[in-house]
Every structure is written in C-alpha cells, then in structure tokens.
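Asker: Sharing a structure here in structure tokens format.
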Amino acid sequence: MTEKNIIKSETTVKAFPMFTAEPAALGLIGLAVAALVLASTDLGLTSNSSKSLMIPWVLFFGATAQLVAGAMDFKRKNIFGATVFTTYSMTMYSISLTLFITIFTDVTFDITHYAYGLIAILVFSIIATAASLMTNKILFAILIFVDLAVIVLIAHYLYDVSAVPAGIFLLLTSVFSFYAAAAILLNTMAGKTILSLGSAIWKP
C-alpha cells in the first residue's frame, strides 16, 4: 500500500474549564435549618421527649448540605468555605450520632466526652472566626454566634449551666445564616447587590 492511500485521522479535543456554582448558599441554608432545630430544644420550645426528631434535620441539613458545599468549595479552591463547611459538617454528623446513641441505646457514657469534643470545635471555630474577618461582616457575625453558642454548651455539659443562652445564640446563627444565603442567592441571580453582606473587616 502506497503512502498516498493511507488515510490519516487526527482528532483534537479541546479542554473547556469546568465551572462550579457558588455553594455557599446551600451550606448556609443547611447551617440555618440545623441551628434553628437545635435552638428550639435549648430554648425549651420543644419537648425533650421529641429529641429523636432532631436527628434527620441535623443529619441532612446541618451535616450533609454543608459537606456538599464544602466539597464544592474545595473544587473551587476556596479554602475558607471548604474548611469551615466541611468541619461544621463533621460536627453535625457527630451531634447526630451522639443523639442517636443517647436516645436509642443503653450504652453507658460520660457526657463530658461530648463537652471536650465541643472544646476542640471551639478552637477551630475561633481560628475560622479570625479568618472570617477577611471575608465579610455577616459571615463574621455568624461565626461569633457559633463561638458563643459552643462556649455556653461546653459550660452546660461540664458545669450544668443553663442551655437557654446557647439557644439564643443558635437562633441568631440561624437568622444570620438565612440572610447570608438569601444575599448570595439573590445577588448571584441578579448579577448585582440586592442584599449587602458588608465588606471585609480586615484587609491584610
């Protein structure tokens, strides 16, 4: 066979960049719903006998929604959103499992283990709060409320302090998270600022 009879086929594949939608609204809604459900118990708005009904809301919204948002932020190279959403997601999974163990099993446990877990989360949350100074004022406020809620819960489990203040801070976390989610969703859809998140407090 001569060279001129050989058919050469070349295929050029052009790689297009893969765009990922802003996941923060999803993560914030997950946090808002879970915080509201947890706050309702701490504030005494719901019966302690119905604590098992908290598990689905904490598990799917607080844990899974934030995990999805965190994973997407890793893809977007957003280290703040990725780390914060993923860590709080794991916290919510831990809370869900703790609720399950305390409600549905006869396992003998020491609740102070839970308190020391919260201390570890508080250390991370304080670091995240410092980092949030470089994002916007609403995210900073959310993390401040989370910090305060965790501090009160640690005191509640270690020293039997009332959990009502924690419920108040969790309620504020929920309200501000819903606002932030609405701002991100509306601003992104409109292509302009509808609801302001506030500028960064710290610009190093």
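Asker: Rounded to the nearest Å, what's the spacing between the alpha carbon centres of the range 152-170 and the range 46-105? Just the number, please.
Answerer: 19
Asker: Moving on to the next point. With θ set to phi - 60°, apply the Karplus curve 6.51 cos²θ - 1.76 cosθ + 1.60 along the range 67-79 and write out the HN-Hα couplings as whole Hz, x wherever there is a Gly or Pro.
Answerer: 5, 4, 4, x, 4, 5, 5, 4, 5, 7, 6, 9, 5
Asker: In nm, to one decimal, how far is the modelled label at residue 105 from the one at residue 123, with both set 7 Å along Cα→Cβ?
Answerer: 2.5
Asker: To one decimal place, what Kirkwood hydrodynamic radius in Å is obtained for the range 103-166 from all pairs of distinct Cα atoms?
Answerer: Taking every pair of different Cα atoms in the range 103-166, averaging 1/r and inverting gives 12.9 Å.
Asker: Per residue of the range 93-105, in order, report the coupling 6.51 cos²θ - 1.76 cosθ + 1.60 (Karplus, θ = phi - 60°) as ³J(HN,Hα) in whole Hz, putting x for Gly and Pro.
Answerer: 4, 5, 4, 4, 5, 4, 4, 4, 5, 6, 8, 10, 10
Asker: Just want to confirm a number: the relative contact order over the chain, from Cα pairs under 8 angstrom separated by 6+ residues, in percent.
Answerer: Averaging sequence separation for qualifying contacts and normalising by length gives 26 percent for the chain.
Asker: If you don't mind, another one. Using Cα atoms only, what is the angle between the long axis of helix 24-42 and the major principal axis of the chain, expressed in degrees (0 to 90) to the nearest 10?
Answerer: The angle comes out at about 10 degrees.
Asker: Using a 1.4 Å probe over the heavy atoms of the protein chains, calculate the carbon and sulfur portion of the accessible area of the chain as a whole percent.
Answerer: 70
Asker: Which length gain, in nm to one decimal place, applies between residue 112 and residue 74 when the Cα-Cα distance is subtracted from 0.36 nm times their residue separation?
Answerer: 10.4 nm
Asker: Note the full-extension length gain between residue 94 and residue 161 as 0.36 nm times their separation in residues minus their Cα-Cα distance, in nm to one decimal.
Answerer: Between residue 94 and residue 161, full extension yields an extra 21.9 nm.
Asker: Which value in nm describes the separation of the simple spin-label points at residue 60 and residue 195, placed 7 Å from the Cα toward the beta carbon?
Answerer: 2.2
Asker: Show the residues, 5+ positions off or on another chain, whose built amide H is closer than 5 Å to the amide H of residue 161.
Answerer: Here 156 satisfy the definition.
Asker: Put a dot 7 Å past each Cα toward the Cβ at residue 133 and residue 186; how far apart are the dots in nm?
Answerer: 3.0
Asker: Can you give the Rg to Rh ratio for the chain, taking only C-alpha atoms and Rh from Kirkwood?
Answerer: Here the Rg-to-Rh quotient is 1.19.
Asker: Accessible area per residue for the chain in Å², computed with a 1.4 Å probe and the full protein assembly in place, what is it?
Answerer: For the chain, the solvent-accessible area averages 60 Å² per residue.
Asker: Need one number: convex hull volume per residue for the range 45-123, Cα atoms only, in Å³.
Answerer: 104
Asker: Work out, step by step, the length gained on full extension between residue 21 and residue 203: first 0.36 nm times the residue separation, then minus their alpha carbon distance; give nm to one decimal.
Answerer: So the chain would gain 63.0 nm between residue 21 and residue 203.
The values are calculated or read from the model by the stated rules, or taken from the named source; none is laboratory data. These figures come from a predicted structure and were not determined experimentally. Cβ sites come from the backbone with ideal geometry, for glycine too, and all protein chains shown count toward neighbours. Protein only, heavy atoms only, side chains kept; ligands, DNA and RNA dropped before computing areas. Shrake-Rupley method; radii C 1.70, N 1.55, O 1.52, S 1.80 Å.
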